[in-house]
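All remarks here apply to the structure that follows.
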Amino acid sequence: MTRLLVTGGAGFIGSNFTRHVVAHTDWHVTVLDKLTYAGNLASLAGLPEGRVEFVRGDVGDAELVDGLFARVDAVAHFAAESHNDNSLHDPRPFLDTNLAGTYTLLEAARKHDRRFHHVSTDEVYGDLELDDPARFTESTPYNPSSPYSATKAGSDMLVRAWARSFGVRATISNCSNNYGPFQHVEKFIPRQVTNIIRGIRPRLYGAGQNVRDWIHADDHSSAVLAVLDRGRIGETYLVGADGEKSNKEVVELVLRLMGQPAGAYDHVADRAGHDLRYAIDSAKLRAELGWQPRYRDFEAGLADTIDWYRANEHWWAPAKDATEAFYAGKGQ
Ligand code: NAD
Ligand code: DAU
């Protein structure tokens, strides 16, 4: 049995991954999570106590991290400040967690010689033109736009350096935009769905032409597990499910699935430095590790996600008012 440390396991994707590992392996998981505004223990509710242990703490706490690394075999590092809009408002926590936190973990991986998987984002590559036939590959040059993506790019570089210079047994995955249950209401899809439930009109930044490449969080989890299990040490794998959609298309689909009139949304102030388009070529992951996405029908996955938000208002309601107050202060 593998003893796995999952950082950020009380967040959106880390909690999905923890459920995925419990369902598909016999591994024991220790979750390390600071429970920032984005962490929620309710996202781990119902998991067997004998398989999942929770530790509240900061990935930048070297003493705590050292003790945890001593008693695991491998680490999946999800913990991060993850929201672009927050990084434009206050970048400091992004530097602390995404850069210094990753450094602290890498030093522990080096000292204890632990297998280390770093979860990253396609945003490290910057953006593409709408009509560019190219998609991001593992050899696309790094060109991050926001403080969030710059700190994720920096953390990727730290992982590569620790692998090359110190022999840390590391892999990296860079994934596109995730959707699914348990995503914080600050993010695009949950914000619009919960707005509609509350009788507020959806908010589209700028003209809504920006394109994101959507993947269900379960498919991201299966990809991370595949890389952790059988990825080649020192390699990077891009994760995506061929799900390109403009933000306008997504809002219009959400409105239709929720029985609202087609044009019942508002255009609001655009995001500063707003990346135009992300698109992932995941051929390497598919060819080398035999990975395939299970969710191929975005509309069906979105409909299930909407049902989840309708049925789980107790999970998201506590964060909704503060999130909307933050956006209102920015004209969004
Ligand atoms: P999230 O914001 O929902 O969750 C982040 C979690 O990390 C929270 O539980 C939070 O409490 C915890 N955390 C934050 N700072 C911490 C610290 N200093 N110490 C310990 N725990 C801390 O984020 P998410 O959307 O689940 O993203 C998880 C990871 O996946 C991130 O590394 C992100 O960059 C990456 N990623 C996300 C997406 C996406 O679409 N959401 C896509 C690609 C990659
Ligand atoms: O590509 C992977 C990245 O996807 C991850 O690394 C990030 O952690 C994750 O947050 C996500 O980043 P985005 O900035 O693409 O996601 P967000 O949900 O914030 O916004 C998606 C798109 O929707 C983006 O073009 C901005 C737009 N948007 C967002 C909000 C919150 C709106 O039009 N209206 C909104 O209210």
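The values are calculated or read from the model by the stated rules, or taken from the named source; none is laboratory data. Everything numeric here is computed off the predicted structure, so don't read it as measured data. Positions of Cβ are generated from backbone atoms using ideal geometry, with glycine treated the same way; all protein chains shown enter the neighbour counts. Just so you know, the surface numbers come from the protein's heavy atoms only, side chains and all, with ligands and any DNA or RNA stripped out. Shrake-Rupley method; radii C 1.70, N 1.55, O 1.52, S 1.80 Å.
A few comments on the model shown:
- Within region 210-232, the presence of at least one residue that is away from ligand 1 (no atom under 11 Å from the Cβ), assigned to a helix (DSSP H, G or I), over 22 Å from Trp316 (Cα atoms) and within 14 Å of the chain's Cα centre (by Cα) is confirmed.
- Meets criteria (closer than 16 Å to Trp315 by Cα, open to solvent by 60 Å² or more (accessible area, probe 1.4 Å) and in contact (Cβ under 8 Å) with a residue 24 or more places away in the chain) for Leu41: yes
- Extreme residue, nearest to Val119 (Cα to Cα), among residues of region 60-92 that are assigned to a loop (DSSP other than H, G, I, E, B) and within 16 Å of ligand 2 (Cβ to nearest atom): Phe78
- Whichever residue in region 95-117 is buried (at least 23 other Cβ atoms within 10 Å of the Cβ) and polar (S, T, N, Q) and, among such residues, is nearest to Ala163 (Cα to Cα): Thr102
- Considering Ser176, Ser145, Ser120, the condition of being under 30 Å from Arg271 (Cβ atoms), touching a Gly at 6+ places or on another chain (Cβ under 7 Å) and open to solvent by less than 40 Å² (accessible area, probe 1.4 Å) is satisfied by Ser176 alone.
- Search result, residues across region 256-302 that are small (Gly, Ala, Ser), open to solvent by less than 30 Å² (accessible area, probe 1.4 Å) and within 20 Å of Pro181 (Cβ to Cβ): Gly301
- Selected residue (criterion: least open to solvent (accessible area, probe 1.4 Å)) from residues of region 199-233 that are among the basic types (Lys, Arg) and near ligand 2 (Cβ under 10 Å from one of its atoms): Arg212
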